[in-house]
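Have a look at the structure below, then the notes.
The values are calculated or read from the model by the stated rules, or taken from the named source; none is laboratory data. Values in this document were obtained by computation on a predicted structure and should not be read as measured data. FYI the Cβ positions are ideal-geometry reconstructions off the backbone, even for glycines, and counts take in every protein chain you see.
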Amino acid sequence: MAVSTNAAGAPRRRRRFSILTRQDKLVLGLAVGIPAFIHIFLVWVPTISSIFLSFTSWNGIGGLERIKFVGIDNYVNMFTRYPPFWPALQHNLVWLLTFLFIATPIGIFFAVLLDKNIRGTRIYQSAIYLPVVLSLAIVGFIWQLQYAPEEGVLNNVIHNFFPNMGTISWLGDKNINLAAVLVAASWRHIGYIMVLYLAGLKSVDPSLREAAAIDGASERQTFFRVVLPVLKPINVVILVITIIESLRAFDIVYVINKGQNGLELLSVLITQNIAGESSRVGFGSALAVILLLISVGPIIVFLTRTFEAPE
Amino acid sequence: MAEPTRMDAVTRRTILKGMAGAAGLISIPAIIAACSSPAASTAPSAAAPSAAAPSAAAPSAAAASAATGSVTFGSNYSNKDTDTKAMQAVVDAFTKKTGIAVKVNTVDHNTFQDQISPYLQGTPDDVFTWFAGYRMRFFADQGLATDLSDLWTKIGSNFSDAFKASSTGNDGKQYFVPFYNYPWVVIYRKSVFADKGYTVPTTWADFKTLATKMKADGLTPLAFGDKDGWPAMGTFDILNMRVNGYKYHIELMKGAQKWTDPKTAAVFTAWKELLPFNGDIAAALGRTWQDTANLLVQKKAGMYFLGTFAGQQATAQADHDDLDFFPFPTLGTEFDSELGIDAPIDGFMLTAKSPTLAADKDAALAFLEYLSSGPAQITFLVANPNSVAAGNDADTSGYSAFQKKSAEIIGGSKAIAQFLDRDTDPGFAKQMQSFLQTWLTNPDQDMTAYLKSIQDFWDSLGIS
Amino acid sequence: MTAVAEERVVPREAVVAKKRGIRPGRVALHAFLIFISLLWLFPLLWTVYTSLRPYGDTAKNGYVSIASSLSLDNYFNAWDQGNIPQFFFNTIVILVPAVIIVLLLASAIAFAVSRFSFKFNLFLLMLFTAGNLLPAQVIITPLYRMYLVLPLPAPLSTNGVWYDQYFGIMAIHIAFQLGFCTFVLSNYMKTLPKELTEAALVDGASVFRTYWQVILPLCKPPLAALATLEFTFIYNDFFWALVLMFTGNKRPITSALNNLQGQFFSDNNLLAAGAIIIAAPTLIVYFILQRQFIRGLTLGSTKG
């Protein structure tokens, strides 16, 4: 064993026997045990239970003995006899793709723009970042004011320039309401990504950039060839966060119209099936398992990235 | 990253001990609960927490004795400006009359309904607001409501047969006390009709002619708004009752008839004829019923088919006085004489699992008896001038023209339905909202496939 | 070395010259950024504008018009009619203990995990991190059923179970946020020199004292950042109280927005005022503690 030195420089032998008292061990046990228990009990036990419950049928009334085992019936019903399922899945996918290919890149773009030390960068950052501190429920409400068919800002502005256009029902028309909601969600997501990426950019060693500049690289080349590869760990985090945030979407659509008519999402379907007059616990759990399966991929990626041995 | 100090490998045992310690902390209340709960094993739910802490759960009934004492009351009359106050007035009148105190727990209207199932199974109040129909029968079947047949021997004479039928569960016993109801009718503004020389239509053909005329005059003939999802059900109900009769309608709601039946398809065929008169459907799907009623009040629409509660939106007295209505036109079928109508009944039930029920039962029954009487209903209706009392002994002399006509229409109908979402399984009803919205956005789709998907969904619920 | 230094001189001038030439580009950049910032702030500013207009004004002139008068009436009305103080009270009852407890527990476990090694150190951390990333709806079904039957004694519960209680909402927040906070704090603590704990323990301090008096004070930056973030996360939560709380009057403020929408449906001005009131605490915290907020987010997503 290596000999470590204390501040005075005198060598100090590492003791071989334990210097932790019994009380210390107890404290440590509790320090780990209590948080672990709470977390496992309230997060992981339900997760595992969801999986088991998905193979049962139970209307939520009566005790555990009323639970009937039905095999994969819930899944079959979900795929074939439950009309909102495929639209909800599709909407979740659209949400994901929009975040991945539109919102997140815009956030990265803003981060790059604001990474230069220009005056007022803090103000710009604050403005773009502001929606992030708002609850998505509030965001939903704020944007309803913009999208209101008769009184909303958007329609009034459009009418000003195109008086002959009919009233657009941004939130009522199921062909466009998802896009409208995604604008509102992106409004918030972009700021979030921007801040994360800015932090990452600031951690890039400036000498790398100087070297590239000296070698005659343009800003674009510098970014794509030098900075981006170095930011690989951050990129992974951004990717995972983007996916998770898009799977978490619930508040906005719920506040707008409880998630119907073009705004169905898996998270809303799950909620509808458990907290209602005739709750379908087994069926709701099956939906939850689908959501879990979709989330597991990015979670594993994040875990392997974060906990792999440092290079 | 600095490596953690390897002072002493804290063993797995220590961690598990720690977690056990935490588990112990949580289970202490469970042990206390189990120790003090008398007959936990007989309760249908897994644990009987309600029995465990009676002193905490019963706010005012701790030392309640039978006839005096108090009642806990779960109410969904959450509109603070009108309903909540009116309900409080009823409660106050009851307390004044009998000396029994009532603790009112008001919950937001929609939340109350959404969470009724856990509410009734957990530790509900003694009395709660609810609706007649399938929903009422469902909870009675599940053993979550107390049989009120004895009470009905006392109050039954105050109600028509239709009301009694609506209050009866699947086992022939009564579980519900009616309070008031309101009809779904076609509402219009008298001044608009007078101005443009319209006459009130009674037949389907007349109705369509009138609507065509209104369209030419620049009005939206039949206002429509389905953002909330349920208003469209009213149209389905009335058309089904007109085309196929009340019996078929109720059987369809219970699953005894099929959605794939050509009779059901005929309803949609008739409905299609109405769509051109609704204005832009996409816009309608973004409008709440309140916004739509406003269109009628603002004279932008000619007619609106909704419950009489739409009158709430006419806040100016002059506007409200200008409102009138007529029953939905007949379609020339054998069921015309039924004059079937949706007139959902709001009322009260007695829970089965209230922790204070045993102590409060007599007081609660007295409360229900009071609520079944005309005076209570009239007191409430002061804040709800668009509905009519359910009891026969209600003093209708104070009724507005609006209410008199409602009572007439309801009285004249031989077949009163409770509205789709109260007449069928709630899970199905919820999905019906989407089904109807899907049809409205694409009424020309293949009806066979469409109706099959509805039937498939019903089958997947495993109800019938 | 000198050869490289010589090579450097020439390109540097070119670089400097390039910088000078960027001016018009800079102006364009600023213009763009100003435009974007205004665009971003617009929806919120519009809501504030709407909230300041009396209902009569907008009923007459429509919402997209110059206000004939501005007043704070809507705020007073929303505050009263919306029963806002009650909801703020509910929020505080849930929020303050939750934040304190979650930070305590997270720092405790982070301390144990980062200072001492034991077998499933890594597994636990992974569990916590994964738990942080799960969508809430994955666990709600069984959690809801659990809450309906788990017993809770009297002072903490008015109906004997976890459902519809402040405690229940607090508990799920703690459990759910533990993942994130543990992750951040353990990362941070790993950067603290191990000699600190070693020295303390050698000097005879108990593990607890080492935690409380040595490590924790050093963790002020991430703790402050996390406190800010957790305040915002828990404050903004809409879902848990929506499902796990039945009594409208006991809901925390963001979930109460649902109630307000039902209550004030026709009065957008009143609703706008209500929404601004609800958003105000997060906005205030943001403006005052912006740095903490951002630091917290970045600590949580980047390593070290």
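Structure above, values below:
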quantity: Residue satisfying condition, being in contact with a helix residue (DSSP H, G or I) (Cβ under 8 Å, 6 or more places away or on another chain), part of a helix (DSSP H, G or I) and either farther than 30 Å from A:Val240 by Cα or not β-branched (Val, Ile, Thr) (or both), within set C:Leu143, C:Leu104; calculated: C:Leu143
quantity: Residues located in segment B:321-355, provided they are over 23 Å from the mean Cα position of the chain (by Cα), crowded, with 20+ Cβ neighbours inside 10 Å and either polar (S, T, N, Q) or in the same structural domain as B:Thr202 (by TED's automatic domain parsing) (or both); calculated: B:Leu323, B:Pro329, B:Phe335
quantity: Complete set of residues in segment B:398-428 that are outside any helix (DSSP H, G or I) and free of Cβ contacts under 8 Å to residues at least 24 places away in the same chain; calculated: B:Tyr399, B:Ser400
quantity: Residue in segment A:221-237 that is modelled with pLDDT of 85 or more, of a type outside the set (Lys, Arg) and over 23 Å from B:Thr111 (Cα atoms) present; calculated: no
quantity: Positions within segment A:95-125 being within 21 Å of the chain's Cα centre (by Cα) and facing chain C (nearest Cβ under 8 Å), in sequence order; calculated: A:Phe110
quantity: Test: residue in segment B:112-128 that is part of a helix (DSSP H, G or I), without any contact (Cβ under 8 Å) to a residue 24 or more places away in the chain, among the β-branched types (Val, Ile, Thr) and within 11 Å of chain C (Cβ to nearest Cβ); calculated: yes
quantity: Segment A:162-197 - residue that is more than 21 Å from A:Arg122 (Cβ to Cβ) and among the small types (Gly, Ala, Ser) and, of those, farthest from the chain's Cα centre (by Cα); calculated: A:Gly166
quantity: Among (1) closer than 21 Å to A:Leu130 by Cα; (2) of a type in the set (A, V, I, L, M, F, W, C); (3) within 14 Å of chain B (Cβ to nearest Cβ) - the single one A:Leu198 does not satisfy; calculated: (3)
quantity: All positions within segment C:114-136 that are in contact (Cβ under 8 Å) with a residue 24 or more places away in the chain, farther than 15 Å from A:Phe307 by Cα and more than 18 Å from the chain's Cα centre (by Cα); calculated: C:Arg115
quantity: Options C:Asn61, C:Asn74; residue that is modelled with pLDDT under 90 and closer than 30 Å to C:Thr247 by Cβ; calculated: C:Asn74
quantity: Where a residue in segment C:25-51 is modelled with pLDDT under 90 and its partner, wherever it lies, is buried (at least 18 other Cβ atoms within 10 Å of the Cβ) and not in a helix (DSSP H, G or I), with Cβ under 7 Å and at least six apart; calculated: C:Thr50/C:Tyr63
quantity: Of all residues making up segment B:244-295, the number that are outside any loop (DSSP other than H, G, I, E, B), under 24 Å from B:Asp423 (Cβ atoms) and charged (D, E, K, R); calculated: 5
quantity: Test: C:Ser65 is within 12 Å of another protein chain (Cβ to nearest Cβ) and either over 32 Å from the mean Cα position of the chain (by Cα) or not aromatic (Phe, Trp, Tyr) (or both); calculated: yes
quantity: Of all residues making up segment A:156-175, the number that are free of Cβ contacts under 8 Å to residues at least 40 places away in the same chain and surrounded by 10 or more Cβ atoms within 10 Å (Cβ to Cβ); calculated: 10
quantity: Selection within segment A:268-277 - in contact with a Lys or Arg (Cβ under 9 Å, 6 or more places away or on another chain) and touching a residue at least 40 places away in the same chain (Cβ under 8 Å); calculated: A:Val268, A:Ile274
quantity: Qualifying residue in segment C:170-190 (condition: within 7 Å of another protein chain (Cβ to nearest Cβ) and at pLDDT below 85); calculated: yes
quantity: Qualifying residue in segment C:213-233 (condition: within 24 Å of C:Met146 (Cα to Cα), in a helix (DSSP H, G or I) and within 11 Å of chain A (Cβ to nearest Cβ)); calculated: yes
quantity: Candidates A:Thr56, A:Thr121, filtered to the one that is of a type in the set (Ser, Thr, Tyr) and in contact with a strand residue (DSSP E or B) (Cβ under 9 Å, 6 or more places away or on another chain); calculated: A:Thr56
quantity: Only listed residue being of a type outside the set (Val, Ile, Thr) and either touching an Asp or Glu at 6+ places or on another chain (Cβ under 9 Å) or closer than 29 Å to B:Tyr134 by Cβ (or both), chosen from B:Ala282, B:Ala211; calculated: B:Ala282
quantity: Evaluation of B:Ile410 against (1) surrounded by 18 or more Cβ atoms within 10 Å (Cβ to Cβ); (2) within 23 Å of B:Gly229 (Cβ to Cβ) (one fails), failing number; calculated: (2)
quantity: Lone qualifier among B:Pro221, B:Pro178 - being outside the structural domain of B:Gln313 (by TED's automatic domain parsing) and touching a strand residue (DSSP E or B) at 6+ places or on another chain (Cβ under 6 Å); calculated: B:Pro178
quantity: Cross-chain or 6+ apart pairs with Cβ under 6 Å, segment C:188-204 first and polar (S, T, N, Q), then buried (at least 18 other Cβ atoms within 10 Å of the Cβ); calculated: C:Thr197/C:Arg115; C:Thr197/C:Thr210
quantity: Helices (runs of 4 or more DSSP H) within segment A:54-146 that include 3 or more residues farther than 27 Å from C:Ile294 by Cβ; calculated: A:73-80, A:85-98
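Table: residues versus (1) modelled with pLDDT under 90; (2) in contact with a strand residue (DSSP E or B) (Cβ under 9 Å, 6 or more places away or on another chain).
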| residue | (1), (2) |
| --- | --- |
| A:Leu265 | no, no |
| A:Ile274 | yes, no |
| A:Glu277 | yes, no |
| A:Arg280 | yes, yes |
| A:Ala288 | no, no |
| A:Leu292 | no, no |
| A:Val296 | yes, no |
| A:Phe302 | yes, no |
| A:Thr306 | yes, no |
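Table: residues versus (1) at pLDDT 90 or above; (2) surrounded by 15 or more Cβ atoms within 10 Å (Cβ to Cβ); (3) in contact with a Pro (Cβ under 6 Å, 6 or more places away or on another chain).
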| residue | (1), (2), (3) |
| --- | --- |
| B:Ala394 | no, yes, no |
| B:Trp439 | yes, yes, no |
| B:Thr448 | yes, no, no |
| B:Phe457 | yes, yes, no |
